[in-house]
Every structure is written in C-alpha cells, then in structure tokens.
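Derivation of every value follows stated rules applied to the coordinates shown; laboratory data play no part. Quick caveat, the model's predicted, so the values are computed rather than measured. Here Cβ is always computed from backbone atoms with ideal geometry, including for glycine, and neighbour counts include all displayed protein chains.
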Amino acid sequence: MKRTVKYILCLILILGMLSTFVACGDDITGHYELVKVTMSDQTYTIQEFRALVGNDVEMFVELNADGTGKMAFVNNETDIEWKGNQLWSVQDGKTGAKANFTLEDGVLTLDISGMVMVFQK
C-alpha cells in the first residue's frame with residue numbers, strides 16, 4: 001500500500017496537478033500546508049498520512065502574487081503557475097497539465113483523479 005501511494009503521488013506530480021479553486025474574492029496568495037487526504041474512499045489526517053509515507057515529508061502549495069508558486073507532495077517539489085482558479089506545473093519552461101482548485105475560508109482543495117487533498121493556510 002505504501003509503495004502504491006508513493007507511486008500514485010509521484011505520477012500525479014509528473015502529470016501536473018489537476019484541481020479546482022474558487023477564490024470568492026479573497027486574496028488566495030500564501031503558503032498552504034496539507035491537512036488531510038482522501039483516496040480510495042478512505043480519509044487520512046495529516047498524521048495518519050505521514051505514517052503511511054514518512055514523517056519527514058514536505059507537502060504544501062505556495063501561491064505567489066505574480067502567478068507563480070511551488071507545490072511539494074511527498075518531498076517532490078515542482079514549480080507551478082496559476083491564474084484564476086487554475087494551476088499547472090512548469091518544468092524547463094514547458095507547461096504541464098492544468099488543474100482547477102477551490103478555495104474557501106483559507107482551505108484549498110485539490111481533487112486529482114479522485115484523490116482529494118485539503119491544504120490550509
């Protein structure tokens with residue numbers, strides 16, 4: 001299970017982050033830390049998820065005011081760009097897959113092929 005989770009997470013980063021954000025007029029820039037993950041109809045708190053993938057892993061989304069940012073998931077960090085309610089990975093100047101995200105009350109939610117990741121500012 002642990003190996004499968006890592007493989008899926010790495011694959012997701014390679015393909016780009018597919019997600020949905022709705023800004024609702026709030027300033028969405030900032031640093032968001034992962035607080036829970038739902039996959040295969042099972043929800044894990046950050047502590048439970050870290051027990052699966054390792055306690056020392058970084059998992060965050062950072063959105064800068066200039067439309068750039070970073071995302072780290074299970075210690076795989078990638079540059080991203082974002083605009084409106086979409087973000088996409090950027091590697092060697094090439095744009096990856098676009099993803100939608102939602103944001104409500106400081107909670108950023110990404111739904112990537114059924115894996116729902118919740119980040120909080």
Report, in cubic angstrom per residue, the convex hull volume of the C-alpha atoms of the range 71-112. 81
Within the set of other residues whose C-beta is less than 14 Å from the C-beta of T68, count the net charge using Lys and Arg as +1 and Asp and Glu as -1. -3
Which value in nm describes the separation of the simple spin-label points at N75 and R50, placed 7 Å from the Cα toward the beta carbon? 1.4
Net lengthening on full extension, N64/H31 (0.36 nm per residue, minus Cα-Cα): 11.0 nm
